[in-house]
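The values are calculated or read from the model by the stated rules, or taken from the named source; none is laboratory data. Keep in mind it's a predicted model, so treat the numbers as computed, not measured. In case anyone asks, the SASA skips ligands and DNA or RNA and just uses the protein heavy atoms, side chains included. Shrake-Rupley method; radii C 1.70, N 1.55, O 1.52, S 1.80 Å.
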Amino acid sequence: MGQKVRPTGFRVGVMEDWRSRWYASKHEFADLLVEDFKIRKFIKNKYGFAGIPKIEIERTRDAVTVLLSTARPGVVIGRKGAEVEKLQEELQNLTGRRIEIKIVEVPRPEIDAQLISEDIAEQLQKRSSFRRTIKRALEQTMDGGARGVKVQLSGRLGGAEMSRTEAAAKGSVPLSTLRAKIDYGFAEAKTAQGHIGVKVWVNQGDYLKMEAGDGADAQAGQVSKKPKRPRKR
């Protein structure tokens, strides 16, 4: 069985919410989809250094609300909110619509897969050894409280003539378990030899444990244990 499904897409509608939350008629849908792409690309290009793993977009008939998740909210907000107002104005000029920006701080950036992948890509661009970079990323993520982490690099690793794939993992990363909160991130390292793709999977824990709390979940775990069958003689 192939295991190439994107974990976030696999969980959308089950455990994860959509990144774009709006409804449109058939003739409007394509334009709004392209507009969402332009908004995300513009923000990523302008604030790539601010650690933005996720940009969510909500639409009403009158306005567009952009929820900006960032590990460094101070950089995006600026002094007395000047940067946010400037960004709001630029997005309004880009789309021709009224834009509202809400800043959401990433609670634990050290276990966010997108931020980890971007950090690895940045290290590779600085000509750091890919094996050392992977090892460091795995250790830091596990120290940050992740249950498991997997990193995969593809491309001309170490400047080799032939492209190859290298992967390393630590802990448990159950991709088929829907209740496991598997975060996924992808980034590209633009090196002199060519682009290197960086994929990161992080097991952040259990959705049910996060909702119910450890005590209730432990109780549920006890109930769900199957009784042992008597052996046939």
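Some values worked out for this structure:
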quantity	calculated
Within the accessible area of the chain (1.4 Å probe), percent carbon and sulfur	50
Within straight-line cross-link reach of LYS170, aspartates and glutamates at Cα separation under 20 Å, skipping those fewer than 8 residues along the same chain	GLU110, ASP112, GLU118, ASP119, GLU139, ASP143, ASP183, ASP206
Probe 1.4 Å, all protein chains present, accessible-area order of VAL198, VAL104, largest first	VAL104, VAL198
Cross-link partners of LYS54 among lysines (Cα-Cα below 17 Å; sequence separation of 8 or more within a chain)	LYS38, LYS41, LYS44, LYS46, LYS102, LYS181, LYS199
Stokes-Einstein D for the range 125-172, Kirkwood Rh over Cα pairs, 10 °C, 1.306 mPa s (µm²/s)	137
Computed [θ] at 222 nm, deg cm²/dmol, the chain (DSSP H ≥ 4; -39,500 (n - 2.57); rounded to nearest 500)	-11500 deg cm²/dmol
Semi-axis lengths (Å, descending) of the ellipsoid that matches the C-alpha gyration tensor of the range 1-118	24, 22, 12
Relative contact order %, the range 17-156, counting alpha carbon pairs below 8 Å whose residues are six or more apart	18
Listed values (i) 8, 33, 37, 17, 5, 0; (ii) 7, 25, 29, 24, 10, 3, 1, 0; (iii) 7, 29, 33, 20, 8, 2, 1, 0, entry calculated as P(r) over Cα pairs in 10 Å bins from 0, in percent	(ii)
Radius, Kirkwood style, for the range 90-175 when every pair of distinct Cα atoms is counted (Å)	15.3
The chain - share of DSSP beta bridges that are antiparallel (%, nearest 5)	75
Gyration tensor over alpha-carbon atoms, the range 1-42, equivalent ellipsoid semi-axes in Å	25, 13, 11
